[in-house]
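Here the structure is laid out as structure tokens; the discussion comes afterwards.
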Amino acid sequence: MVRYFKKIMHFLLLFSRQGRLRLQKWFTPTPEREKKKIIRDMTAMVLARKPKTCNFLHWMDLKVVYKRYASLFFCLAIDDQENELLALEILHRYVELLDKYFGNVCELDIIFNFEKAYFILDEFLIGGEVQETSKQTVARCIEASDMLQEVKHTHTLAHMLIL
Amino acid sequence: MSPSVRLQEMIRVIRSARTQGEERGVIQRECAAIRAQFRQADNGGRSHNLAKLLYVHMLGYPAHFGQMECVRLIASPRYNEKRVGYLGAMMLLDENQDASLLITNSIKNDLAHSSQYVQSLALCTLACMGSAEMCRDLAPEIDRLLRASSSYIKKKATLCAVHIVRKVPELGELFTPAARALLAEKNHGVLHGAVILITELCERNAQTLVQFREAVPELVHIMRGLVTSGYSPEHTVAGISDPFLQVRILRLLRILGRNNDTASDAMNDLLAQVATNTDSSKTAGSAVLYETVLTVMDIKSESGLRVLAVNILGRFLLNNDRNIRYISMTSLQKIVSTDHNAVQRHRGTIVDCLKDQDASVKRRALELSLALVSAINIRSMMKELLLFLSTCPPELKSHAASGIFNAAERYSPSQRWHIDTILHVLITAGADVRDETVPNLIQLITNASQLHCYTVHKLYRALVADISQQPLVQVACWCIGEYGDSLLQGDCEETEPIQVTEDDILDALETVLQSHMSSPATRGFALTATMKLSTRITENVDRIRSIVSIYGSCMDVELQQRAVEYNALFKKYDHMRAAVLEKMPVMDRSSMGQTNGESGGGGVQELEPTKPKQPEMMVAPQPASQVGGGEGGGGHGF
């Protein structure tokens with residue numbers, strides 16, 4: 001597997017207990033076939049973990065940090081040199097953001113509103129890095145973007161500066 | 001019907017499919033409809049059609065026909081269409097697709113859009129999948145946004161710059177001035193991005209690194225502000241003020257302080273402050289402490305600070321959270337050679353972790369324990385390690401066994417202890433030891449001449465109890481063949497006396513020969529041992545003759561060959577038999593040759609008798625108590 005350049009995060013996957021993919025975000029360019037293989041491998045590895053083990057795995061030259069929230073597994077692959085505990089915090093923050101947006105988020109929310117899950121992720125992370133460390137700010141931005149979406153043409157809303 | 005309901009309706013229909021085939025059918029129909037819609041003129045439902053396709057893509061179905069639609073939607077003036085278009089681009093296009101170049105112009109226009117949410121879409125997409133060419137093209141735009149825009153845009157532009165620098169390192173120079181200025185920002189999002197950008201620039205360019213060392217006081221000041229600030233609803237996580245930012249600053253400080261005394265000095269007090277004042281009861285605080293420890297160990301810190309860092313790791317070992325225990329051990333592993341004494345202080349806790357439930361923690365504890373074995377603690381450590389070996393998960397057995405052998409080699413307090421330890425391992429984990437263990441052990445035994453009697457008694461007992469562990473059986477056979485006369489004598493100083501008759505010994509060897517559990521190599525050992533006994537016993541030589549002749553027609557070629565040769569030794573070359581089967585000389589490792597598992601006796605081959613040489617010591621001579629004989633039990637290179 002070729003690593004094009006050093007990155008903090010390599011990919012983020014969300015999947016159910018049955019191994020159904022609910023979200024995938026790739027932070028390095030990866031061919032489709034390889035993506036499918038990685039998803040299969042990750043799912044198999046994480047689902048095989050026994051309950052009382054730590055949340056870190058080694059896979060190839062990466063560290064995989066995973067955590068289960070209700071019926072979904074959140075799985076983040078980071079560089080070998082990275083801080084796993086912070087990666088756990090990143091996952092947790094994303095879950096909090098989803099929870100705030102959907103109100104008591106559950107897997108069905110992510111299934112039926114997958115594009116929203118991506119929009120939220122894209123306000124939290126960019127290019128494999130955290131872009132905003134304040135929960136409230138991310139929530140406000142999502143709200144504003146949503147409102148913008150309701151209107152037909154964007155240029156009439158140029159004045160709509162929430163921030 | 002509103003288009004978004006149609007998307008959710010489709011999802012519902014797909015989910016209600018009862019078989020894979022049914023699902024495929026639904027999806028094929030939907031994709032056909034979507035394709036048709038794409039070909040039509042703008043009908044207000046474009047974004048929802050693309051969204052449907054993206055859902056289908058996530059299920060693993062092909063969606064490349066949507067790529068051009070993404071390009072079209074990105075160019076739309078409608079925000080909702082742009083949003084889905086850009087999302088589609090990030091999911092379906094990467095720099096390796098030709099279509100990705102087509103969106104460069106749209107991105108360029110959107111970077112200058114009057115709505116910051118549109119700008120945001122462009123920035124996010126560029127940072128996600130921008131190719132080197134796109135990056136070169138748009139870098140000046142990004143630089144402009146870094147300098148003059150809202151915090152919302154600046155923070156995104158900063159990370160976009162990070163992506164650009166990763167793709168096209170030469171462009172780092174372009175962003176360096178802006179990056180420096182960004183450190184003065186108050187907005188955490190922008191600051192966080194700035195720190196990442198500076199880190200990236202410093203890692204790629206040595207001159208930039210030198211330049212940014214001057215920023216250390218500023219970074220220390222920012223960090224101090226975070227550590228001492230009170231609760232902030234925006235940024236506090238479990239009592240820690242913006243742990244994400246703190247960790248990134250610590251990382252940058254690490255890079256700046258590495259190999260540089262001045263910079264390291266400037267951050268020393270701050271690191272001590274963070275190390276002492278950060279509450280590690282939750283993950284957020286532990287993440288910061290962990291990063292602090294990594295930084296302290298990597299820069300030129302004072303010894304007091306290093307000890308503080310190692311103690312933090314020691315405290316982590318006692319944490320209830322197994323994640324924290326795990327990373328503590330990986331960190332200790334990294335520093336055990338450089339800060340050996342500091343880590344030794346936590347040996348007790350580390351050894352306790354051998355009993356942890358978590359297999360990963362166990363594995364780390366094993367690595368660390370092996371690294372911490374020394375001449376002083378060898379006896380107590382070995383007790384723990386042997387206990388671990390008997391209960392450890394199967395995947396760790398082999399590694400544990402090798403580690404134990406290594407440790408025994410280096411630090412055995414006596415030859416008898418050494419032999420006992422190896423025997424213990426062979427009895428507990430015989431199936432998991434490496435091939436060289438058998439010749440190595442045999443060599444060790446021949447060298448401990450005063451222990452031959454003790455060893456053969458012990459091995460005989462072990463053999464009679466259990467013939468399933470092949471390495472053990474092989475060594476036992478070899479010893480019985482070699483020292484069978486000691487065994488018959490009955491008394492031995494070191495162990496309880498036992499009455500063994502010639503028939504008993506031959507019974508034991510025959511059992512090995514006939515057992516289905518014995519491997520071909522093992523049976524070879526047993527046959528040769530039986531043959532050797534013909535010169536060491538007096539009464540049952542005929543029995544040996546008959547065993548040997550039976551195996552002359554054995555199906556196993558190796559055994560057959562041996563038996564035939566031994567038969568010949570009895571018949572035509574009986575006058576040479578005593579000389580050929582004489583006691584083996586003491587071996588040293590270099591004369592053992594390339595054979596695996598078998599040494600001595602088979603066939604008419606003679607090893608040159610060599611003098612036992614003084615082994616090279618890997619470590620300084622230890623005050624080891626010796627049973628006698630010229631050599632300490634250990635010190636051979638492995």
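The values are calculated or read from the model by the stated rules, or taken from the named source; none is laboratory data. Keep in mind the model is a prediction, meaning the values are calculated, not measured. Every residue, glycine as well, gets a Cβ built from its backbone with ideal geometry; the counts of neighbours run over all protein chains shown.
Quick one: in segment B:57-69, which of the residues that are more than 10 Å from chain A (Cβ to nearest Cβ) and part of a helix (DSSP H, G or I) is surrounded by the most Cβ atoms within 10 Å (Cβ to Cβ)?
Filtering segment B:57-69 down to residues more than 10 Å from chain A (Cβ to nearest Cβ) leaves B:61, B:65-69.
Okay, now just the ones that are also part of a helix (DSSP H, G or I), so B:65-69.
Working: B:Phe65: 13, B:Gly66: 26, B:Gln67: 19, B:Met68: 12, B:Glu69: 24.
So the residue we want is B:Gly66.
Mind checking which residues of segment A:68-86 are out of contact with any Phe, Trp or Tyr (no Cβ under 8 Å at 6 or more places or on another chain) and in contact (Cβ under 8 Å) with a residue 24 or more places away in the chain? Please lay out each step first, then the result.
Start the filter on segment A:68-86 by keeping residues that are out of contact with any Phe, Trp or Tyr (no Cβ under 8 Å at 6 or more places or on another chain), which leaves A:69-71, A:78-82.
The answer is A:Tyr69, A:Ala70, A:Ser71, A:Ile78, A:Asp79, A:Glu82.
Given the conditions (1) in contact with a helix residue (DSSP H, G or I) (Cβ under 6 Å, 6 or more places away or on another chain); (2) closer than 23 Å to A:Gln81 by Cβ; (3) surrounded by 23 or more Cβ atoms within 10 Å (Cβ to Cβ), report the number of the one that B:Arg213 does not fulfil.
Status for B:Arg213: all satisfied but (3).
May I ask you to say which residue of B:Val500, B:Val464 is part of a helix (DSSP H, G or I) and in contact (Cβ under 8 Å) with a residue 24 or more places away in the chain?
Details: B:Val500 fails: part of a helix (DSSP H, G or I).
Unique residue meeting the criteria: B:Val464.
Residues that are of a type in the set (Asp, Glu), under 30 Å from B:Arg306 (Cα atoms) and without any contact (Cβ under 8 Å) to a residue 40 or more places away in the chain: does segment B:412-431 have at least one? First the steps, then the outcome.
Keep residues of segment B:412-431 that are of a type in the set (Asp, Glu), which gives B:420.
From what's left, under 30 Å from B:Arg306 (Cα atoms): none.
Checked against the condition, which is being of a type in the set (Asp, Glu), under 30 Å from B:Arg306 (Cα atoms) and without any contact (Cβ under 8 Å) to a residue 40 or more places away in the chain, segment B:412-431 yields no hits at all.
Could you check A:Arg93 against (1) in contact (Cβ under 8 Å) with a residue 40 or more places away in the chain; (2) crowded, with 23+ Cβ neighbours inside 10 Å; (3) assigned to a helix (DSSP H, G or I) and say which number it fails?
For A:Arg93, the exception is condition (2).
Scan B:Ala132, B:Ala99, B:Ala89 and give me the residue that is closer than 30 Å to B:Asp42 by Cβ, surrounded by fewer than 22 Cβ atoms within 10 Å (Cβ to Cβ) and of a type outside the set (Ser, Thr, Tyr). Show your work before the answer.
Working: B:Ala132 fails: closer than 30 Å to B:Asp42 by Cβ; B:Ala89 fails: surrounded by fewer than 22 Cβ atoms within 10 Å (Cβ to Cβ).
Criteria check complete, one pass: B:Ala99.
Considering only segment B:497-513, I want to know if a residue exists there that is touching a helix residue (DSSP H, G or I) at 6+ places or on another chain (Cβ under 6 Å), surrounded by fewer than 22 Cβ atoms within 10 Å (Cβ to Cβ) and either more than 29 Å from B:Met555 (Cβ to Cβ) or of a type in the set (D, E, K, R) (or both).
Checked against the condition, which is being touching a helix residue (DSSP H, G or I) at 6+ places or on another chain (Cβ under 6 Å), surrounded by fewer than 22 Cβ atoms within 10 Å (Cβ to Cβ) and either more than 29 Å from B:Met555 (Cβ to Cβ) or of a type in the set (D, E, K, R) (or both), segment B:497-513 yields at least one hit.
Given the criterion modelled with pLDDT of 90 or more and touching a Phe, Trp or Tyr at 6+ places or on another chain (Cβ under 7 Å), identify the matching residue among B:Ile404, B:Ile324. Please lay out each step first, then the result.
Numbers: B:Ile404 fails: touching a Phe, Trp or Tyr at 6+ places or on another chain (Cβ under 7 Å).
Just one listed residue meets the conditions, B:Ile324.
Of all residues in segment B:34-47 being surrounded by 14 or more Cβ atoms within 10 Å (Cβ to Cβ) and away from chain A (no Cβ under 12 Å), which is modelled with the lowest pLDDT? Lay out the reasoning, then the answer.
Filtering segment B:34-47 for residues surrounded by 14 or more Cβ atoms within 10 Å (Cβ to Cβ) gives B:34-35, B:37-38, B:45-47.
When the remaining residues are screened for being away from chain A (no Cβ under 12 Å), the result is B:34-35, B:37-38, B:45-46.
On the way: B:Ile34: 91, B:Arg35: 91, B:Gln37: 88, B:Phe38: 88, B:Gly45: 81, B:Arg46: 85.
Once the filter is applied, the top-ranked residue is B:Gly45.
If we keep just the residues of segment A:115-141 that are more than 7 Å from chain B (Cβ to nearest Cβ) and under 19 Å from B:Gly130 (Cβ atoms), which is surrounded by the fewest Cβ atoms within 10 Å (Cβ to Cβ)?
A:Leu121
Go through segment A:57-97 and give me each residue that's within 14 Å of chain B (Cβ to nearest Cβ) and touching a Cys at 6+ places or on another chain (Cβ under 7 Å).
If the condition is that a residue be within 14 Å of chain B (Cβ to nearest Cβ) and touching a Cys at 6+ places or on another chain (Cβ under 7 Å), then A:Val64, A:Tyr66 are the ones that fit.
Please find, among B:Asp352, B:Asp356, the residue that is more than 14 Å from chain A (Cβ to nearest Cβ), among the charged types (D, E, K, R) and under 29 Å from B:Asp420 (Cβ atoms). Step through it out loud before you land on a result.
Numbers: B:Asp356 fails: more than 14 Å from chain A (Cβ to nearest Cβ).
Unique residue meeting the criteria: B:Asp352.
Can you tell me which residues in segment B:337-355 are outside any helix (DSSP H, G or I) and at pLDDT below 90?
Residues satisfying the conditions are B:Ser337, B:Thr338, B:Asp339.
Looking at segment B:467-493 only, could you name the residues that are assigned to a helix (DSSP H, G or I), under 40 Å from the mean Cα position of the chain (by Cα) and free of Cβ contacts under 8 Å to residues at least 60 places away in the same chain?
Quick first cut of segment B:467-493, residues assigned to a helix (DSSP H, G or I) only: B:470-489.
Right, trim to under 40 Å from the mean Cα position of the chain (by Cα) and you get B:470-479.
Residues satisfying the conditions are B:Gln470, B:Pro471, B:Leu472, B:Val473, B:Val475, B:Ala476, B:Cys477, B:Cys479.
Residue by residue through segment B:229-262, note down the ones that are without any contact (Cβ under 8 Å) to a residue 12 or more places away in the chain and more than 12 Å from chain A (Cβ to nearest Cβ).
Here is the first cut: in segment B:229-262, the residues without any contact (Cβ under 8 Å) to a residue 12 or more places away in the chain are B:230-233, B:236.
Selection gives B:Gly230, B:Tyr231.
The conditions are (1) at pLDDT 85 or above; (2) more than 13 Å from B:Thr530 (Cβ to Cβ), and B:Ser590 fails exactly one of them. Which is it?
(1)
Specify which of the listed residues (B:Ile442, B:Ile422, B:Ile427) is in a helix (DSSP H, G or I), under 20 Å from B:Gly484 (Cα atoms) and among the hydrophobic types (A, V, I, L, M, F, W, C). First the steps, then the outcome.
Numbers: B:Ile422 fails: under 20 Å from B:Gly484 (Cα atoms); B:Ile427 fails: under 20 Å from B:Gly484 (Cα atoms).
Among B:Ile442, B:Ile422, B:Ile427, only B:Ile442 is in a helix (DSSP H, G or I), under 20 Å from B:Gly484 (Cα atoms) and among the hydrophobic types (A, V, I, L, M, F, W, C).
Scan segment B:566-575 for residues that are without any contact (Cβ under 8 Å) to a residue 24 or more places away in the chain and in contact with a helix residue (DSSP H, G or I) (Cβ under 7 Å, 6 or more places away or on another chain) and jot them down. Before you say what the answer is, go through the steps one by one.
Step one: filter segment B:566-575 for residues without any contact (Cβ under 8 Å) to a residue 24 or more places away in the chain, giving B:567-568, B:571-575.
The one that is without any contact (Cβ under 8 Å) to a residue 24 or more places away in the chain and in contact with a helix residue (DSSP H, G or I) (Cβ under 7 Å, 6 or more places away or on another chain): B:Asn567.
Looking at segment A:102-114, which of the residues that are over 12 Å from the mean Cα position of the chain (by Cα) and within 9 Å of chain B (Cβ to nearest Cβ) is nearest to B:Arg83 (Cα to Cα)? Write out each step before concluding.
So in segment A:102-114, the residues over 12 Å from the mean Cα position of the chain (by Cα) come out as A:102-109, A:111-113.
From what's left, within 9 Å of chain B (Cβ to nearest Cβ): A:111-113.
Values: A:Ile111: 19, A:Phe112: 17, A:Asn113: 14 Å.
Taking the candidates together, the pick is A:Asn113.
Mind listing whichever residues of segment B:350-362 are crowded, with 19+ Cβ neighbours inside 10 Å and out of contact with any Asp or Glu (no Cβ under 7 Å at 6 or more places or on another chain)?
Here is the first cut: in segment B:350-362, the ones crowded, with 19+ Cβ neighbours inside 10 Å are B:350-351, B:353-354, B:356, B:360-362.
Selection gives B:Ile350, B:Cys353, B:Asp356, B:Ser360, B:Val361.
Tell me, yes or no, whether segment A:23-32 has at least one residue that is at pLDDT 95 or above, under 21 Å from B:Val288 (Cα atoms) and crowded, with 19+ Cβ neighbours inside 10 Å.
No, every residue in segment A:23-32 fails to be at pLDDT 95 or above, under 21 Å from B:Val288 (Cα atoms) and crowded, with 19+ Cβ neighbours inside 10 Å.
For segment B:259-279, check the following and say yes or no: at least one residue is part of a loop (DSSP other than H, G, I, E, B) and under 27 Å from B:Val361 (Cβ atoms).
yes
Just a yes or no: is a residue in segment B:158-171 touching a Ser or Thr at 6+ places or on another chain (Cβ under 7 Å) and either assigned to a helix (DSSP H, G or I) or within 14 Å of another protein chain (Cβ to nearest Cβ) (or both)?
Let us first name the residues in segment B:158-171 that are touching a Ser or Thr at 6+ places or on another chain (Cβ under 7 Å), namely none.
No, every residue in segment B:158-171 fails to be touching a Ser or Thr at 6+ places or on another chain (Cβ under 7 Å) and either assigned to a helix (DSSP H, G or I) or within 14 Å of another protein chain (Cβ to nearest Cβ) (or both).
Between B:Gly230, B:Gly314, which is out of contact with any helix residue (DSSP H, G or I) (no Cβ under 6 Å at 6 or more places or on another chain) and within 20 Å of B:Val343 (Cα to Cα)?
Of the residues listed, the single one that is out of contact with any helix residue (DSSP H, G or I) (no Cβ under 6 Å at 6 or more places or on another chain) and within 20 Å of B:Val343 (Cα to Cα) is B:Gly314.
Matching residues to (1) assigned to a helix (DSSP H, G or I); (2) within 13 Å of another protein chain (Cβ to nearest Cβ); (3) without any contact (Cβ under 8 Å) to a residue 40 or more places away in the chain:
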site: B:Tyr55; (1), (2), (3): yes, yes, no
site: B:Val71; (1), (2), (3): yes, no, yes
site: B:Met90; (1), (2), (3): yes, yes, yes
site: B:Asn96; (1), (2), (3): no, yes, yes
site: B:Asn109; (1), (2), (3): yes, yes, yes
site: B:Ser114; (1), (2), (3): no, yes, yes
site: B:Gln119; (1), (2), (3): yes, yes, yes
site: B:Leu123; (1), (2), (3): yes, yes, yes
site: B:Glu141; (1), (2), (3): yes, no, yes
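Would you please name the residue that is surrounded by the fewest Cβ atoms within 10 Å (Cβ to Cβ), looking only at residues in segment B:73-85 that are at the interface with chain A (Cβ under 9 Å from one of its Cβ atoms) and in a helix (DSSP H, G or I)? Please lay out each step first, then the result.
If we filter segment B:73-85 for residues that are at the interface with chain A (Cβ under 9 Å from one of its Cβ atoms), which is where we start, we get B:77-80, B:82-84.
Keeping just the survivors that are in a helix (DSSP H, G or I) gives B:79-80, B:82-84.
Working: B:Tyr79: 24, B:Asn80: 22, B:Lys82: 25, B:Arg83: 28, B:Val84: 28.
Looking at the filtered set, the residue picked out is B:Asn80.
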